[in-house]
Structures are given as C-alpha cells and as structure tokens.
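Worksheet: one structure, shown below.
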Amino acid sequence: MAENTSKKPGASVPRHIAIILDGNGRWAKKRGLPRTAGHAAGAETFRKIALYCRDIGVDYLTVYAFSTENWKRSDDEVGAIMRLLNKYLHEAIDTMERDGMKMRIFGDVTGLSPELQALAHRTDEIADRIDGFQANICLNYGGRDEIVQAARRYARDLAEGRAEGELTEEKFGSYLYSAGVPDPDLLIRPGGEQRLSNFLLWQCAYAEFYFTDVLWPDFTPAELDKAIEVFRSRDRRYGGVK
Ligand code: IPE
Ligand code: IPE
Ligand code: MG
C-alpha cells in the first residue's frame, strides 16, 4: 500500500480544500459508457474523498458539483445529474450524523426542483446539529451569481435598516454562501483543464491551485495526498515578503 503521507504525525493538512469535480463525462466516454455513468462514478468518488478528508483532519471540503452554466447540457444529462443529487441527499440525510459530516449546500437552491429544495432544507436542519468536519456541495452555483446575490441582499438590508456602516470585505463575506467558512487553502481541479469555471471567485483570492489530468472518477486518497504534498511545498506570502 502507498504510504499515507497525509497521516504522518505532525504533518499539517490544509484546513479547507476545494475541488472542481471535473472529468466525469470523459471518464465514461473512455469506457464506451453514457456520460451519466461518469456522474454516478463521480458521486462514489466524492463519498470516498469526503470521508478521507474527514479522517486526515481537514476541517472543510467544498466541491463544485453543478454550475449555473451546466443547465446548458442536454435535458437527459441534467435530469440524470439531478436524480443522482436527489439520491445522494436522501442518503446524506440518513447518514450525516452517524458519519460526523456536516453537509451544506452552496448555490441558488431556488433554481432547483421543489423536491431538491426540500432535501437541501432538511440537510441544513440536520447540519445545524452537527459539529466538526463540514462538506459543502455547490449546486446551481456560480461565483459571479454568488457575488451579485450577496450585493442584492446587502443593498436590501441597507435600505431596510438591517445593515449599517461602511461595507467591508468581512461584512460582504458574511452575505456569501460561504459565510463563516474560512477561504480555501488548496483548490484542486482534476480533469486536465486549468481554469476556475466560475468557482469560488471571491474565496480563492489566495488559494493554492493544483491541477491534475486524473479524471475525477479515478481520483483516489493517494491523489489527494499528492496534492497536499505539493501544497506543503508552496510558499504562501499573501503579498508580503519573507
Ligand atoms: C463534471 O464532469 C461534472 C459536472 C460538470 C456536472 P463533466 O461532466 O464536466 O465531465 P467532462 O469534463 O465532460 O469530462
Ligand atoms: C466545472 O466543470 C463545473 C463543475 C465541475 C460542476 P465544467 O465541465 O462545467 O467546466 P468547463 O465547461 O470545462 O469550463
Ligand atoms: Mg467538464
């Protein structure tokens, strides 16, 4: 078995890891399967990686599962992804307390079906009772959309007397889906593309980026260990000088 470097005593792990779950379609195509089979395999990988993150002491994992732009895909593919999400949320509702996993949905849930909205709501209620490792699933999520929605909510609060004083970065951050969650330290994109595709635009200001050609369904704990090793070798200066 490969040495588990992330579990070395004393070795630090990033507090918050963000992952763009990309490459499901190509994974399926390589096997002569429909793209939806890739999404099903990707959901399994998410289960494994989330538990692994919890076990090695990561505090927050945020994954990009469905973007505000992914509605452009065929009805068949979108329908299959929504069915998988439905199934996943049902399971999560039953297991998150047992697994010690606080699950949150980031994104514009009003754009989802009433059933998914109800599941997201139920997930939130349960999450409120759980302390510890937090997994955020970005659904109907867009970084620009998040910023615009936050600006709208802030303007409303200002007009209605619920907000006052100068708007600061900190205050603005409290209007984002990620309110209360520290910024990601490490952003991983499997699947070979090297772009953000509208993910966590505000929050990734100082994230370390790690790209790999491995397709998301093939991603393993050992791949995560590799990303964490690379992260450890980075010199984070935040604009300062060392
Ligand atoms: C990521 O995999 C999952 C979603 C965007 C929903 P893709 O479906 O984008 O897979 P590729 O990039 O086509 O291989
Ligand atoms: C990003 O992947 C969105 C998710 C993984 C949910 P895409 O496959 O949609 O991104 P592009 O089209 O390659 O930029
Ligand atoms: Mg893709």
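Binning the C-alpha pair distances of the range 121-242 at 10 Å intervals from 0 yields a P(r) profile of 10, 31, 36, 18, 5, 0 %, listed from the shortest bin outward.
Counted residue by residue at 0.36 nm each, then reduced by the alpha carbon distance between them, the extension gain from ILE126 to LYS29 reaches 31.2 nm. With the convex hull of its Cα atoms as the shape, the range 1-138 has an orientation-averaged projected area of 9.5 nm². D by Stokes-Einstein for the chain, Kirkwood Rh over Cα pairs, 10 °C, 1.306 mPa s: 84 µm²/s.
Heavy atoms of the protein chains alone define the surface here; on that basis the chain has 52 Å² accessible area per residue at 1.4 Å probe size. Working note: 222 nm ellipticity from helices only, DSSP H runs with n ≥ 4, each -39,500 (n - 2.57), summed and divided by the residues of the chain, gives -14000 deg cm²/dmol to the nearest 500.
Please work out whether the range 70-166 counts as rounded, prolate or oblate from its C-alpha gyration tensor, where a ≥ b ≥ c are the square roots of the eigenvalues and a/c under 1.5 means rounded, while otherwise a/b larger than b/c means prolate and anything else oblate? If you can, show how the numbers build up before the last one.
Values: a/c = 2.53, a/b = 1.29, b/c = 1.95.
The shape class here is oblate.
Based on the Cβ-Cβ distance of ALA155 and ARG236, what FRET efficiency does E = 1/(1 + (r/R0)^6) give at R0 = 41 Å, to the nearest 0.05? Once rounded, the FRET efficiency stands at 0.75. Between ASP22, ASP108, ASP75, find the one with the highest GNM mean-square fluctuation for the chain; connect C-alpha pairs within less than 10 Å. In the Gaussian network model the winner is ASP75. Length gained on full extension, TYR206 to LYS72, computed as 0.36 nm times the residue gap minus the Cα-Cα distance: 45.2 nm.
For the residue pairs LYS29/LYS87; LYS48/LYS242; LYS87/LYS171; LYS48/LYS171; LYS171/LYS226; LYS102/LYS226, alpha carbon separations beyond 29 Å are given by LYS48/LYS242; LYS87/LYS171; LYS48/LYS171; LYS171/LYS226.
The values are calculated or read from the model by the stated rules, or taken from the named source; none is laboratory data. None of the values given here were measured: they were computed from a predicted structure. Note that each Cβ is placed from the backbone with ideal geometry, even for glycine, and that neighbours are counted across all protein chains shown. For accessibility, only protein heavy atoms count, side chains too; no ligands or nucleic acids. Shrake-Rupley method; radii C 1.70, N 1.55, O 1.52, S 1.80 Å.
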